[in-house]
Amino acid sequence: MNVLLWGVLPYVMVAVLVTGTIWRYRYDKFGWTTRSSELHESRLLRIGSPMFHFGLLVVVIGHVIGLVIPESWTTAIGLSEPAYHVQALVLGGIAGVSTLAGIAILIYRRRTTGPVFSATTRNDKLMYVVLVLAIVAGLSTTLLGVAGGEEHNYRVSVSPWFRSLFVFQPDIDAMAGSSLAFRIHTLIGMALFTIWPFTRLVHAFSAPVGYLFRPYIVYRSRSGGPAAGPPRRGWDRVGSSEPR
Amino acid sequence: MKVMAQLGMVMNLDKCIGCHTCSVTCKQAWTNRAGVEYVWFNNVETRPGQGYPRRYQDQDRWRGGWVRNRRGRLTLRAGGRVRKLLSIFANPVLPNIRDYYEPWTYDYETLVDAPLGDDFPVAEPRSLLSGRPMAVEWSANWDDDLGGIPEQGELDPIVERIRRESEDKVRFEYEQAFMFYLPRICEHCLNPACVASCPSGAMYKRVEDGIVLVDQDRCRGWRMCVTGCPYKKIYFNHRTGKAEKCTFCYPRVEVGLPTVCSETCVGRLRYIGLFLYDADRVTEAASVEDERDLYQSQLDVLLDPHDPAVVAAAHRDGIDPEWVEAAQRSPVHKLVAQYRVALPLHPEFRTMPMVWYVPPLSPVVDRLTETGHDGESAGNLFGAIDALRIPVEYLAELFTAGDPEPVTRVLRTLAAMRAFMRDVTLGREIDESIPAAVGMGAEEIMEMYRLLAIAKYDERYVIPTAHVGEAHQLEELGCSLDVDGGPGMGGPFGEASGRPAPVSVETFHALRDRQTSDTVADTSASRVNLLNWDGKGRPEGLFPPRGRR
C-alpha cells in the first residue's frame with residue numbers, strides 16, 4: 001500500500017501532469033485561459049482574487065523552500081530548527097489563511113452572482129472541491145501542529161521523500177512515517193496536480209513573465225514568411241530585371 | 001526611415017444619417033455569438049451623448065491610452081509593466097458589463113404558449129447572461145438621437161469639459177440643441193496601447209497592412225487590453241474568456257473587398273485605402289509635448305507615396321509595388337494629407353489612430369437659409385462657421401485635442417467646396433477666389449468634390465489584395481474544411497486531430513494509387529476527397545446504406 005501511494009502514484013501524477021499539459025497545449029490552445037468573470041462582478045473579485053493569488057504565491061514559495069532545501073543547509077547558515085519552524089509557521093500561516101479567506105470570498109461570489117454562477121462548469125466545481133480540500137488540509141497540518149503542541153517535523157520525513165523522488169529512489173519509509181495530516185495533504189495535492197491540466201488551472205503555466213522583457217508593440221506577419229517581400233522565382237513582374 | 005503600409009479609413013460625418021446599418025451588418029458578420037452578445041465592433045453614437053461603453057472618453061476614470069511622463073517618454077496611463085503584472089489578479093479599471101449594457105432577449109415563447117386568458121401575452125425581456133427577467137435600462141445606443149439628453153447630457157465627458165470653460169457653449173434646450181452621429185470602429189492605431197498592454201503578447205499589429213488583431217490561441221484572458229484601449233474597442237468574450245476586437249474584416253480586405261461596415265453603408269460615407277508611414281518616427285511623434293501638436297505630428301509621420309525617395313524606400317523595405325501604387329491612389333491619403341479635411345479621433349490619447357473623420361458642416365447651411373441669408377454663398381458660410389450650431393469647440397475636443405484652428409480650417413474648406421460647386425452646377429462664372437481662400441486650386445477642389453460627393457465605389461475603396469502580390473504563396477490553399485476541428489482532419493487522436501494535409505498531396509496519392517493498382521480507387525480511407533474522387537467504387541460513408549432490393 002505504501003509503495004503504491006508514495007512510490008507509484010507520484011510518478012503517475014507527474015506523467016499525467018506532463019503529458020496532459022502537452023496534450024492540452026497542442027489541442028486546446030483556444031481553451032487555455034483564465035476564464036475571468038471580472039466583467040460580471042468586480043467588487044468582491046478585487047478583494048478575493050489578490051488575497052487568494054498572492055497568498056498562494058507565498059504558499060508555493062514556502063513549499064519549495066520547505067521541500068527542496070535540506071534541514072542541514074538551514075542549520076549550516078545558523079538558522080536553528082525551532083527558529084526555522086517559527087518563521088515558516090508564521091509566514092505560512094498568514095499566507096495560508098489569506099489564501100483560504102480569498103478562495104472563500106471567491107466561491108461565495110461565484111455562487112451568489114447570477115451570471116458568474118451560470119458560467120461555472122462542472123469541471124470548475126470539481127476543481128474547486130479539490131483545491132479547497134488541498135488548502136484546508138495543508139493549513140490544518142500547520143495549525144493542528146501548533147494546537148496539538150506536537151509539531152511533526154516534515155523536514156525529516158516529507159522533504160527527504162520529495163527529494164528522493166527526483167533520483168528515482170523514492171524513500172517510501174520516510175513518507176509513510178510522517179503524520180496522518182501530512183499524508184492526507186500530500187495525497188490531495190497529488191490529486192490536484194493530476195486534474196490540473198484538464199481544468200482552468202492551466203492558466204498558471206502561462207504567467208506572463210515575458211511581458212517584462214518584450215518591446216511594447218508586437219508586429220507579426222500575416223503568414224509565417226515575408227508576405228510582402230520579394231516574390232519567389234518565376235513570379236517576377238513583366239519588365240523586371242533578370243535575377244542574379 | 002522604415003516605410004510601412006497601413007490600411008486606414010475615413011468617415012465623412014456630414015453624410016452619416018445614423019441608420020446603424022453598419023452596426024447591424026457588422027454584428028451579423030462578427031458578433032452574433034454567445035459570449036459577445038453585448039459587443040459591437042462597430043457602433044454609432046449620437047454626439048453629444050455618453051457613448052458606448054458609457055463615458056469611455058473619460059480617461060481619468062478608465063485610464064486608457066498613453067501619457068507623456070516627466071522625462072518626455074510615453075508610458076501607459078494605466079501603469080507600466082510591473083504595475084500591470086501586480087494588478088493582474090483583478091484589473092482595477094475594467095469596465096463592468098453594466099458600463100456596456102446587460103444583453104437581453106425576449107421571452108417569445110409565451111406568445112405562443114400562453115394559455116387562453118383575458119390579456120394579451122407579452123414577451124418579457126430576459127437577460128442573456130443569467131436568463132432571468134430583467135428591466136431594460138441601457139444599451140449601446142440608448143441615448144440615440146439625443147434621447148434623454150436634458151437629464152443625461154451632462155454625462156458626456158466632452159460636454160463636461162467644454163462647460164468648464166464656458167457655460168453657454170453647449171445647450172440642450174430643444175431649439176438650441178445640436179447633434180451628429182459618430183460611427184466608431186477599432187482605430188487600428190500606429191501606436192496601439194492595447195497591444196502594449198497585453199501581457200501574453202497575443203495582440204499584434206500586422207506587418208503588411210497594420211491591422212491590429214488578437215491571436216485567439218495565445219490570449220490568456222488577462223483583460224489588460226480592454227483597459228489599455230482608450231476607445232474601449234477591445235471586448236472580453238465572457239464565454240470563451242478571450243479578448244475580441246474589430247478585425248477590419250481582414251478576410252475581406254485581403255481579397256480586395258471593403259469591410260462589411262463600409263460595403264453596407266447607405267450614406268457611402270466610408271473610405272478605405274492605404275497610408276505609407278515612417279515606422280521609425282511613430283514613438284517620437286506620439287510623444288510631442290503639447291497635446292495640440294499631436295494632429296500635426298501624426299500627419300508628419302505619414303509619407304507622400306508620390307515622393308520618389310519614399311517609393312525607393314518602400315521598395316527597399318519590401319513593400320509590393322502594387323501596394324505603393326494603391327497608396328498613390330489612396331482616397332484616405334488624399335483626404336487626410338492632401339486636402340487635409342479628415343481629422344483623427346482623440347489624438348490626445350497618443351495612440352496615433354488610423355480611422356479619420358471629416359467633421360460635419362451641414363446644419364450651418366440650414367441655419368443661414370432660415371435667417372434669410374444665402375446659405376450656400378461663400379462669404380456667408382465663412383462668416384457663419386464660428387457661430388455654428390455644432391460648436392467648433394465640441395468638434396475640437398473630439399478631433400484635435402481642443403485646438404479649434406484645424407477644425408475651423410476644415411469647415412472652411414468644406415464650405416468653400418460647397419460655394420464653389422454651386423457656381424459650377426448652376427453654370428455661373430467660376431470664382432477662383434473661393435478655393436484660393438482655403439489654399440486650394442479650382443482643379444483640386446473639384447477633385448475633392450468628386451471624392452466626397454460623388455464617391456464612386458472604386459474611388460472610395462482602393463484596397464490592394466494580399467493575393468495579387470503574393471499569389472505564389474497561396475498556391476496551396478488547402479480545402480476550406482481542413483481547419484482545426486473541421487471534418488477534413490485525421491491524426492493520431494482521431495478525425496479532428498493533427499494538421500491538415502494539403503489538397504495536392506492527397507490528389508498526388510490518389511492519382512498514384514489509381515495508376516498503379518489493379519482495382520478501382522482505394523476505398524479504405526475513412527473519408528473521401530471529392531476533389532479527386534473519380535466516381536468509381538463506393539467509398540464508405542459517401543452514400544447512405546443500400547436498401548435490400
Exercise for review: For B:GLU244, indicate whether it is out of contact with any strand residue (DSSP E or B) (no Cβ under 7 Å at 6 or more places or on another chain), within 14 Å of chain A (Cβ to nearest Cβ) and surrounded by fewer than 23 Cβ atoms within 10 Å (Cβ to Cβ).
Suggested key: no
Point to revise | Test: B:TYR204 is away from chain A (no Cβ under 14 Å), of a type in the set (Ser, Thr, Tyr), in contact with a strand residue (DSSP E or B) (Cβ under 6 Å, 6 or more places away or on another chain) and assigned to a strand (DSSP E or B) | key: no
Practice item. Kindly provide the set of residues from region B:317-349 that are closer than 23 Å to B:TYR231 by Cβ and charged (D, E, K, R), ordered by number. Key: B:ARG340, B:GLU348
Point to revise | Index of the failed condition, B:ILE88 passing every other in (1) closer than 18 Å to B:TRP222 by Cβ; (2) without any contact (Cβ under 8 Å) to a residue 40 or more places away in the chain | key: (2)
Practice item. Take B:ARG268 and decide whether it is within 17 Å of B:ILE463 (Cα to Cα) and out of contact with any helix residue (DSSP H, G or I) (no Cβ under 7 Å at 6 or more places or on another chain). Key: no
Check your understanding: If a residue has to be crowded, with 22+ Cβ neighbours inside 10 Å and closer than 20 Å to B:ARG47 by Cα to count, how many in region B:407-418 make the cut?
Key -> 3
Review point. Checking B:PRO121 against (1) of a type outside the set (Ser, Thr, Tyr); (2) more than 10 Å from chain A (Cβ to nearest Cβ); (3) farther than 30 Å from A:ARG35 by Cβ; (4) in contact (Cβ under 8 Å) with a residue 24 or more places away in the chain, which single condition isn't satisfied?
Key: (4)
Check your understanding: Are there any pairs, at least 6 apart or on different chains, whose C-beta atoms fall under 9 Å, with the first in region B:272-283 and buried (at least 24 other Cβ atoms within 10 Å of the Cβ) and the second of a type in the set (D, E, K, R) and not in a helix (DSSP H, G or I), and if so, which?
Key -> B:GLY273/B:ARG329; B:LEU274/B:ASP209; B:LEU274/B:ARG329; B:LEU276/B:ASP304
Review point. All but one of (1) of a type outside the set (Phe, Trp, Tyr); (2) on the phi < 0 side of the Ramachandran plot; (3) not in a helix (DSSP H, G or I) hold for B:SER23; which doesn't?
Key: (3)
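Could you tell me how many of the residues in region A:68-123 are within 30 Å of B:ASN237 (Cβ to Cβ) and under 24 Å from the mean Cα position of the chain (by Cα)?
Of the residues in region A:68-123, 18 are within 30 Å of B:ASN237 (Cβ to Cβ) and under 24 Å from the mean Cα position of the chain (by Cα).
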**Study point:** Single condition B:ASP300 does not satisfy, out of (1) free of Cβ contacts under 8 Å to residues at least 24 places away in the same chain; (2) acidic (Asp, Glu); (3) in contact with a strand residue (DSSP E or B) (Cβ under 9 Å, 6 or more places away or on another chain); (4) within 14 Å of another protein chain (Cβ to nearest Cβ)
**Key:** (4)
Review point. Given (1) farther than 23 Å from B:SER200 by Cα; (2) in contact with a strand residue (DSSP E or B) (Cβ under 6 Å, 6 or more places away or on another chain); (3) of a type in the set (Phe, Trp, Tyr), where does B:TRP66 come up short, assuming only one miss?
Key: (1)
Revision key, fill the gap. By residue number, the members of region B:439-478 that are in a loop (DSSP other than H, G, I, E, B), among the hydrophobic types (A, V, I, L, M, F, W, C) and modelled with pLDDT of 90 or more are B:MET440, B:ALA455, B:VAL462, B:ILE463
Practice item. Only one of these is within 27 Å of B:GLU291 (Cα to Cα), in contact (Cβ under 8 Å) with a residue 40 or more places away in the chain and part of a loop (DSSP other than H, G, I, E, B): B:GLY72, B:GLY35, B:GLY18, B:GLY79. Name it. Key: B:GLY72
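The values are calculated or read from the model by the stated rules, or taken from the named source; none is laboratory data. Treat the numbers as computed from the prediction; the structure is a model and nothing was measured. Every residue, glycine among them, receives a Cβ derived from its backbone with ideal geometry; neighbour counts consider all protein chains shown.
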